[in-house]
Amino acid sequence: AGLHTLAKAAGKLYFGTATDNPELTDTAYAAKLNDSKEFGQITPGNSMKWDATEPTRGTFTFSGGDQIANLAKANGQLLRGHNCVWYNQLPSWVSDGTFTAADLTTVIQNHCGTLVGHYKGQIYSWDVINEPFNDDGTWRQDIFYNTLNTTYVPIALKAARAADPNAKLYINDYNIENTGAKATAMLNLVKELIADGVPIDGVGFQCHFIVGEVSTSLQTVMEQFTALGLEVAITELDIRMTLPETEALLAQQQKDYQSVVQACMNVEGCVGITIWDWTDKYSWVPSTFSGQGAACPWDENFAIKPAYNGIVAALTA
Ligand code: G3I
């Protein structure tokens, strides 16, 4: 039936995947990506990031992002915007810049406002803030925090809300999938934003996991956020292994995909699941973690792996 079709039938908004512009020239890849029964939502893996969209101050380039947005529109797929403010993949004029607090405020407002405004009406949800915390729950000491302390978060969220009042505004992070210091830091941040009347609609759980080590408290953590009235989503799911693939690892990966997807299924406010690309051919994992890979539900030749059946089992449970 297709993963998105199954997710919809089970009451979720979407099952989707990340993609990236260079992959779209692979016609067999594109044919599968365009199958909206399988993928009802897409996220651009790189082309809406700051280095891609505002490489020099005040000069915006949307060609890559537009290509993905137009594809989503043509396919009838929802689109997640990724992302407005992140310490990584910043152009050097931002990362190496020296800004007063007032100047950086203007920079953030202009970037988020112009980016979100450009895609107004086309985006289901935006990762307005990406990865604000260190793993111990302290704030990441990036250009934004070092210049503006925590105020960069409401500055960005307010600019995004003004630019597209209908887009759901998210904070997105990894290693918040288990209870612990980082999840607590995110919970406290969100509570404070709500108390201050700052626009915030959702929290994204990236879910970049390792086979045999997936979160056991994902449902519990998600419920802590939905209890505050927010929605949650699995935004970047993949489950990597140390290569080579073995039958035992693939079988464990099937179980792991099933349990992660089941956590979202069990939480009413978990709106959807996005895998961080569907095929091992284009996964980010091998280039980042040497000797690891095979993290996606489809293999390098676009054949489904046992992991796919694990997802289906959770979506139809
Ligand atoms: O654009 C340059 C190109 O000019 C150059 O020739 C080439 C040579 O290596 O590099 C290109 O940049 C690469 C970029 O992707 C675009 O393809 C970077 O090296 C590469 O590091 C970058 O990787 C991306 C990564 O974010 C960077 O942090 C991955 O594709 C992307 O999937 C990944 O996505 C992140 C999410 O945004 C946030 N959460 C974690 C997730 C996985 O790391």
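The values are calculated or read from the model by the stated rules, or taken from the named source; none is laboratory data. Just so you know, these numbers come straight off a predicted model, no measurement behind them. Neighbour counts run over all protein chains shown; Cβ positions are idealised from the backbone, glycine included. Side chains are part of the model used for accessible areas, which takes the heavy atoms of the whole protein and leaves out ligands, DNA and RNA. Shrake-Rupley method; radii C 1.70, N 1.55, O 1.52, S 1.80 Å.
Of the residues ASP20, ASP26, ASP51, the single one that is among the acidic types (Asp, Glu), within 16 Å of the ligand (Cβ to nearest atom), open to solvent by 50 Å² or more (accessible area, probe 1.4 Å) and modelled with pLDDT of 95 or more is ASP51. Evaluate the following for GLY291: is it surrounded by fewer than 19 Cβ atoms within 10 Å (Cβ to Cβ), farther than 17 Å from LYS32 by Cβ and at pLDDT 95 or above? In short, yes. Within the stretch 70-118, being away from the ligand (no atom under 13 Å from the Cβ) and within 22 Å of ALA30 (Cα to Cα) holds for ASN70, LEU71, ALA72, LYS73, ALA74, ASN75, GLY76, GLN77, LEU78, LEU79. All told, LEU237 falls short of being surrounded by fewer than 22 Cβ atoms within 10 Å (Cβ to Cβ) and either within 13 Å of the ligand (Cβ to nearest atom) or more than 19 Å from the chain's Cα centre (by Cα) (or both).
State whether the residues of the stretch 91-105 include one that is of a type in the set (Asp, Glu) and surrounded by 17 or more Cβ atoms within 10 Å (Cβ to Cβ). No, the stretch 91-105 has no match at all. Candidates are the residues of the stretch 130-170 that are on the phi > 0 side of the Ramachandran plot and not polar (S, T, N, Q); the one that is nearest to the ligand (Cβ to nearest atom) is GLU131. Scanning the stretch 29-46 for residues that are surrounded by fewer than 22 Cβ atoms within 10 Å (Cβ to Cβ) and either over 15 Å from GLY76 (Cα atoms) or of a type outside the set (A, V, I, L, M, F, W, C) (or both) returns TYR29, LYS32, ASN34, ASP35, SER36, LYS37, GLU38, GLY45, ASN46. The stretch 1-109 holds helices (runs of 4 or more DSSP H) entirely within its bounds, and those carrying 2 or more residues that are under 23 Å from ALA162 (Cα atoms) map to 50-53, 63-75. When you look at ILE129, is it assigned to a loop (DSSP other than H, G, I, E, B), within 23 Å of GLY65 (Cβ to Cβ) and open to solvent by less than 50 Å² (accessible area, probe 1.4 Å), yes or no? Criteria not met by ILE129. Restricting the stretch 149-177 to residues that are within 17 Å of the chain's Cα centre (by Cα) and open to solvent by 20 Å² or more (accessible area, probe 1.4 Å) leaves a set whose member that is nearest to ASP103 (Cα to Cα) is LYS168.
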